[in-house]
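Take a look at the structure set out below.
Read-outs: derived from the displayed coordinates by stated rules, not from any lab. All figures in this text were calculated on a predicted structure; none of them were measured in a lab. We place every Cβ from the backbone using ideal geometry, glycine too, and count neighbours over all the protein chains shown.
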Amino acid sequence: MSTPHSMPAQAATVPATPATTTPSGRASHRPAALLEVQDLETAYGTSQVLFGLGFSIAAGEVATLLGRNGMGKTTTVRSVLGLTRARAGWVRFVGERIDHLSPDRIARMGLAVVPEGRQIFPNLSVRENLVAFAARRNASPDPWTLERVFNLFPRLAERQHHMGNQLSGGEQQMLAIGRALMTNPHLLILDEATEGLAPLIREDIWRCLHTLRQQGQTTLVIDKYVQRLIALADHHTIIERGRVVWQGDSPTLAADPGLWHRYIGV
C-alpha cells in the first residue's frame, strides 16, 4: 500500500507503445501494457495459491479480476504489490520488473491500492488522511489535489475536519479512494470497493469509477457485480483456484452469462 513520505516522488514514465483499438472502442490507441503479470506462482508456506497466472493492463484501460471468494484474487494483488512474494513468474510495471522490489518502492513508482477493509488512519482527520499521502507519481498535467478529491466526493469536503473513526463505512471508502488518488498513481487497484456498502453509497462509488474512467485513469477493479463491471471495464480476467480460466472483453462476457454462473456464482 502507498505510504506517506517526506520527499516528493519522481514521476515514472510510461513506455511508448504501438497503436491499436480497445475492446470498448473508447480510445483509438491501445498502449503496450502498463502492468504485465506473467506465469505468477504464489504460496503461503506449503499451500500454493496461484498457478502460472498472467494478465496485462494497458495505460488508460479499466480491467477486472473476477472469481468467487478464495480463488486467489487478493493474493494476486498482494503479489503485484510485493506484499506476498511470488515463487515464480514476474511482474513488470511502467516497463520495469518489480517482483523483486519492496512494497514501498513499488508504491513510489505509481501503483496505488484501495485495500479491502479500507485501512484509513482513524486518529487523523479526513484532510490529514488525504494530505499525508499527497505525491506526484505520474506526469499528469491535471494532478489530483484536495480540491479535486472534494469535488469528486463532496461528502468528504463536508466532513474534512472529522476524524477517520467518525466516518460511516461509505465515507471511509470514499476517503480510501481519495487517499489513493492523492498519490497521482499510474495504476489504481480497488479490492472489493463496494463490499458491504449501502445501495446509495455503492452508487456513489460506481459513479466515481466511471468518472475516473472518463478521465483516463488506468484501473484494476476486483468486485462481484458483473453487470456493473461489464459497463465499466475494457477487459476481464476470471480466476478459478489460482488459475486464469477465461480472459476477454466486455461484449464477449456480456454475451455469455454461463461464464458468470460457472465461475463467479451470480
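Give, in nm to one decimal, the length gained when the segment between R243 and E203 is fully stretched (0.36 nm per residue of separation minus the Cα-Cα distance).
11.3 nm
For the peptides 107-118, 136-147, what is the packing order when you average, over each peptide's residues, the other Cβ atoms within 10 Å and list the highest mean first?
Per-residue Cβ counts within 10 Å, averaged per peptide and sorted highest first, yield 107-118, 136-147.
Students often get this wrong: which residues of the range 108-140 have the backbone nitrogen under 14 Å from the point 7 angstrom along Cα-to-C-beta of H161?
125-128
Going by how many other beta carbons lie within 10 Å of each one, how would you line up R155, R179, R85, fewest first?
R85, R155, R179
Assuming R0 = 22 Å, can you tell me the calculated FRET efficiency for the pair A254 and T211, based on Cβ-Cβ distance, to the nearest 0.05?
So the FRET efficiency works out to roughly 0.50.
Report the far tail of the P(r) of the range 53-105, meaning the percent of Cα-Cα pairs longer than 17 Å.
Everything past 17 Å amounts to 40 percent.
Find the relative contact order for the chain and round it to a whole percent, using C-alpha pairs within less than 8 Å whose residues are 6+ positions apart.
Answer for the chain is 26 percent.
Most exposed first by the Cβ proxy, i.e. fewest other Cβ within 10 Å, how do S125, S168, S79, S47 rank?
S47, S168, S125, S79
Arranged by the count of other C-beta atoms within 10 angstrom, fewest first, what order do T219, T76 take?
Fewest-to-most Cβ neighbours within 10 Å comes out as T219, T76.
Helix 199-214 versus the longest principal axis of the chain: what is the Cα-based angle in degrees, 0 to 90, to the nearest 10?
It is inclined by approximately 80 degrees.
Quick one: Debye curve from the alpha-carbon atoms of the range 117-266 only, equal weights, vacuum; give me log10 I(q)/I(0) at q = 0.11, 0.12, 0.13, 0.20 Å⁻¹ to two decimals.
Once normalised to I(0) and log-transformed, intensities are -0.47, -0.55, -0.64, -1.23.
Quick check: net charge around R159, other residues with Cβ under 13 Å of its Cβ, Lys/Arg +1 and Asp/Glu -1?
-1
Distance in nm between label sites at S168 and K224, each 7 Å beyond Cα in the beta-carbon direction?
Going by the 7 Å Cα→Cβ label model, 2.1 nm.
At 7 Å along the Cα-to-beta-carbon direction for both E195 and A132, put a label point, then send me their distance in nm to one decimal.
For the pair E195/A132, the computed spacing is 2.2 nm.
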